[in-house]
Amino acid sequence: MTEIAAGRLWVVALAIAATLTLSNSAHSEAQQQAWVEEPGAKSLDVEGGSGRAYLDTASVHRGDDGLVYFVESSNVARPEDIGKVGLMKDAYDCAKDLKYVCVGNSNWRNDLKSTVNAASEPALPVYRKYLCGD
């Protein structure tokens, strides 16, 4: 193999490696930025609003208290507004099917206004799949 052919082969190998790296990086970033619609999700803003809420799958994590915490974008009117409007930190109790809305503000665990019984909510399958791993 000539020196020129070896150089070209090295450039081709480098180009393939760069393409694979960028592809994996883009896929990972897209996965981290996934928003899943919560059909019929209830928000604190029950008056007005679009009724559309989206769960940020990249934000999902279990707290030391056993609850699953996540970020939600609520009252989304247009797809381009997902992740830009109505952002709030929520929590979900997988054992009790309770959603706590806007956690961190005052005594949210004992505030009935911030607690949603999700057992009868249309979004229950989304919560169970993405938050509880069912």
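Estimated at 0.36 nm per residue, the fully extended path between N117 and D134 surpasses their Cα-Cα distance by 4.3 nm.
Of the whole protein surface, W35 contributes about 80 Å² of accessible area at a 1.4 Å probe radius. Modelled this way, with points 7 Å down the Cα-to-C-beta line, the labels at A34 and R62 are 1.9 nm from one another. Listed by chain and number, the lysines placed with their C-alpha closer than 21 angstrom to that of K113 are K42, K89, K96, K99; residues fewer than eight positions away on the same chain are left out.
Computed over the Cα atoms of the stretch 64-117, what is the convex hull's projected area averaged over all directions, in nm²?
Mean shadow area of the hull around the Cα atoms is 4.3 nm².
Here the extension length gained between R109 and D81 equals 7.2 nm, from 0.36 nm per residue of separation less the Cα-Cα distance.
The values are calculated or read from the model by the stated rules, or taken from the named source; none is laboratory data. Here the structure is a predicted model, which is why all the values come from computation and not from measurement. Glycine also receives a Cβ, built like all others from the backbone with ideal geometry; neighbour counts cover every protein chain displayed. For accessibility, only protein heavy atoms count, side chains too; no ligands or nucleic acids. Shrake-Rupley method; radii C 1.70, N 1.55, O 1.52, S 1.80 Å.
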